[in-house]
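The next block holds one structure in the form of structure tokens; read it before the comments.
The values are calculated or read from the model by the stated rules, or taken from the named source; none is laboratory data. Everything numeric in this text was worked out from a predicted model, so none of it was measured. So basically every Cβ, Gly included, is an ideal-geometry build from the backbone, and we count neighbours across all protein chains shown.
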Amino acid sequence: MWVPFTMNGTHFFPTASTGVTMKSKALAPALLAAFLTGALGMSACAPGQDPQSPLASQSSSVADTNALLLLNESLRVKLGTAYSDSWIEDNKLHVAVTTEAAATLVTEAGAVPKIVTLDAGELEAALQAVSAWRATLPDGLGAAIHKLIPDGRTGTLTIFVAPDHLDAVAQAAAADKPAGSVPLVIKASTGLATPL
């Protein structure tokens, strides 16, 4: 049951469809005053700039992560087709590459290389092929595939499937080999389908 109420001269009329409707010409000034009061009050709550504070270390961590992401983009461009994938682990950028020369470049840039067999283009082609295959599956089987994740570190493409269709999708993938030579990992999905 919705009960009308008044607060600071503003009349609120709750409704089932909109929650609360407000009727007052004084609404804008009241909202502005409430906002400014809250903002000014919160400014006194700001933590000090102590470099040992958790907030300072968190912003440092964000800065470090941003630097690693910029390094990754730079390496992706420099490595071209030798680039496969990257990830941040133990506050270090790890880069999967397909050649020794690329691994040397990664090391010189301050990142950790891992030599793999498939580059990013091959993984993307496999992802696109599996996505197209998904559209051809019968009886809603394609809808049971919730997401596809390429993994350059392992050279695989993971297919996340609704648990009740796991076996059927695995059998169809084994028969059709939609990713070609790229190995598929088929796992039960714990979430909802996402558009592919």
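Are any residues in segment 85-104 assigned to a helix (DSSP H, G or I) and surrounded by fewer than 18 Cβ atoms within 10 Å (Cβ to Cβ), and if so, which ones?
Answer for segment 85-104, where residues must be assigned to a helix (DSSP H, G or I) and surrounded by fewer than 18 Cβ atoms within 10 Å (Cβ to Cβ): 100, 101, 104.
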State yes or no: is residue 93 farther than 23 Å from residue 191 by Cβ and within 21 Å of the chain's Cα centre (by Cα)? yes
Run residue 91 past the list (1) at pLDDT below 95; (2) under 12 Å from residue 153 (Cα atoms); (3) of a type in the set (S, T, N, Q) and report the number of the one that doesn't hold. (2)
Test set (1) without any contact (Cβ under 8 Å) to a residue 12 or more places away in the chain; (2) touching a Phe, Trp or Tyr at 6+ places or on another chain (Cβ under 9 Å); (3) closer than 24 Å to residue 86 by Cα - residue 181 fails condition number: (2)
Condition broken by residue 46, with the remaining ones in (1) small (Gly, Ala, Ser); (2) surrounded by fewer than 16 Cβ atoms within 10 Å (Cβ to Cβ); (3) at pLDDT 95 or above satisfied: (3)
Going through segment 105-148 one residue at a time, which ones are crowded, with 18+ Cβ neighbours inside 10 Å, of a type in the set (Gly, Ala, Ser) and under 14 Å from residue 82 (Cβ atoms)? 111, 120
Does residue 158 satisfy being modelled with pLDDT under 95 and hydroxyl-bearing (Ser, Thr, Tyr)? no
Within segment 170-191, track down each residue that is among the charged types (D, E, K, R) and part of a helix (DSSP H, G or I). 176
Test residue 98 against the criterion of being free of Cβ contacts under 8 Å to residues at least 12 places away in the same chain, over 30 Å from residue 61 (Cβ atoms) and of a type in the set (Val, Ile, Thr), and give yes or no. no
Does residue 163 satisfy the criteria of being surrounded by fewer than 20 Cβ atoms within 10 Å (Cβ to Cβ), more than 22 Å from residue 68 (Cα to Cα) and either outside the structural domain of residue 84 (by TED's automatic domain parsing) or touching a strand residue (DSSP E or B) at 6+ places or on another chain (Cβ under 9 Å) (or both)? yes
Just give me the residues in segment 114-143 being in contact (Cβ under 8 Å) with a residue 60 or more places away in the chain and within 25 Å of residue 163 (Cα to Cα), in sequence order. 131, 134
